[in-house]
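First the structure, in the form of structure tokens, and then the observations on it.
The values are calculated or read from the model by the stated rules, or taken from the named source; none is laboratory data. If you're wondering where the values come from, they're calculated on a predicted model, not measured in any experiment. Reconstructed Cβ throughout: ideal geometry from the backbone, glycine too, with neighbour counts over all protein chains shown. These area figures cover heavy atoms from the full protein model, side chains too; ligands, DNA and RNA do not enter into them. Shrake-Rupley method; radii C 1.70, N 1.55, O 1.52, S 1.80 Å.
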Amino acid sequence: GAKAGSSGGWVGGKWRGTDGWGGAGSVALPQLDFRGGPGSNDRTGGSGEANDPNASALAHSAIDLPYHVQFDSFLRYVDSLPHPATPSYLELDLRVGWSPRANLEFAIVGRNLLHDSQIEFAGVNTPTREVPRSVYGTIRWSF
């Protein structure tokens, strides 16, 4: 018996700055409206369903360096969540990769580098989800 509506938009694009350097970016602005309809048993007015950020953005830069090294950076913003209240955050991920051969890559990745951790979801009846900073390595071998 609930009623819902949505509006907003998303825009994104890619760019190529110079030979070996480019990036991408996007912004999303969804607006969601949930409410109880006639005969609805939902006492919260749809607040459990409407727990989405009103804005999010992503900026990505990719640089090809000498000796088959790549450097990627990702800056992302997520607006606050309303139910339960969860703060907005801005985070940075970095990646350095080296490909000595076309089918082999070694990389080091740092995630959530601006803070020790950030809350991505605060729970009322479930645990709060806090994502820590992390650094890890990868090996990719294609055959």
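Among the residues of segment 98-107, the ones that are of a type in the set (A, V, I, L, M) and either more than 15 Å from residue 65 (Cα to Cα) or surrounded by fewer than 13 Cβ atoms within 10 Å (Cβ to Cβ) (or both) come to 2 in all.
From the set of residues in segment 1-29 that are assigned to a strand (DSSP E or B), touching a Ser or Thr at 6+ places or on another chain (Cβ under 6 Å) and not aliphatic (A, V, I, L, M), which is most open to solvent (accessible area, probe 1.4 Å)?
Checked segment 1-29; the qualifying residue most open to solvent (accessible area, probe 1.4 Å) is 12.
Look at (1) of a type outside the set (Ser, Thr, Tyr); (2) free of Cβ contacts under 8 Å to residues at least 40 places away in the same chain; (3) under 24 Å from residue 14 (Cβ atoms) and you find that residue 101 fails only one, number (3). Could you grab me the full set of residues in segment 108-143 that are assigned to a strand (DSSP E or B), among the charged types (D, E, K, R) and farther than 16 Å from residue 70 by Cα? Residues satisfying the conditions are 111, 120, 129, 130. Among residues of segment 77-92 that are within 24 Å of residue 60 (Cβ to Cβ) and assigned to a loop (DSSP other than H, G, I, E, B), those with a Cβ under 7 angstrom from a residue that is of a type in the set (Val, Ile, Thr) and open to solvent by 40 Å² or more (accessible area, probe 1.4 Å), sequence gap 6+ or separate chain, pair up as 87/119.
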